[in-house]
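Notes for the one structure printed next.
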Amino acid sequence: MLKKFFHLIRFLLIGTIWTLVFLVLSSLIMYQAWNFDIFNFDDWQTIERFWNSGGTIKIARDYAFIGSIILIPILWIWILYKLNKINWLDIILAPVHSYNAWIIRRYGSDSKRIVLKNIKSSQDNIEFIKQQLESIKPEKPREVVNIREEIQKKIESETTKY
């Protein structure tokens, strides 16, 4: 239920912004090309009077004008559909992702860590990983080793008494 609500809010937000942008652009194009304002009622009455008085479409410019009037709502719906399919979060976060990739390329190549990717479970790979881990392990001080050996001997001597 909540997901449908968020989809509706997203659709309304994208639809509102797209409608405003589209109306401004289509009005500008129609005015520049044919001196026709789609928001002016007098311009629409002029077309109606022309059509009702038996006007005919003769030249290609008239066909282009009628075609653009028919195309405006179709184009608006088609682009609105495409805009709703876009993942806007990826577009908004694109600068963050590109900066992150740049940092990884810049500083991540000399890494001392072992990256395990697509390693098969063969014995060679296991031995390779063990060698890598052994090379990274810090050496224990000799005193620690001696103390552990003495503790082990004491434990063994105590267990043999019983």
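The values are calculated or read from the model by the stated rules, or taken from the named source; none is laboratory data. Everything numeric in this text was worked out from a predicted model, so none of it was measured. Virtual Cβ from ideal backbone geometry, glycine too; neighbours counted across all protein chains shown. For accessibility, only protein heavy atoms count, side chains too; no ligands or nucleic acids. Shrake-Rupley method; radii C 1.70, N 1.55, O 1.52, S 1.80 Å.
In this structure, does residue 75 turn out to be among the hydrophobic types (A, V, I, L, M, F, W, C), surrounded by 10 or more Cβ atoms within 10 Å (Cβ to Cβ) and in a helix (DSSP H, G or I)?
yes
Being of a type outside the set (A, V, I, L, M, F, W, C), surrounded by 12 or more Cβ atoms within 10 Å (Cβ to Cβ) and within 16 Å of residue 86 (Cβ to Cβ) is the filter here, so list the residues in segment 2-26 that pass it.
Those that are of a type outside the set (A, V, I, L, M, F, W, C), surrounded by 12 or more Cβ atoms within 10 Å (Cβ to Cβ) and within 16 Å of residue 86 (Cβ to Cβ): 10, 15.
Tell me which residues, restricted to segment 62-94, are over 26 Å from residue 17 (Cα atoms) and in contact with a Ser or Thr (Cβ under 9 Å, 6 or more places away or on another chain).
62
Considering only segment 27-45, state which residues are part of a helix (DSSP H, G or I) and open to solvent by less than 80 Å² (accessible area, probe 1.4 Å).
27, 30, 33, 34, 43, 45
Would you be able to tell me the number of residues in segment 46-61 that are under 23 Å from residue 22 (Cα atoms) and either loosely packed, with under 14 Cβ neighbours inside 10 Å or touching a residue at least 12 places away in the same chain (Cβ under 8 Å) (or both)?
Number of matching residues: 1.
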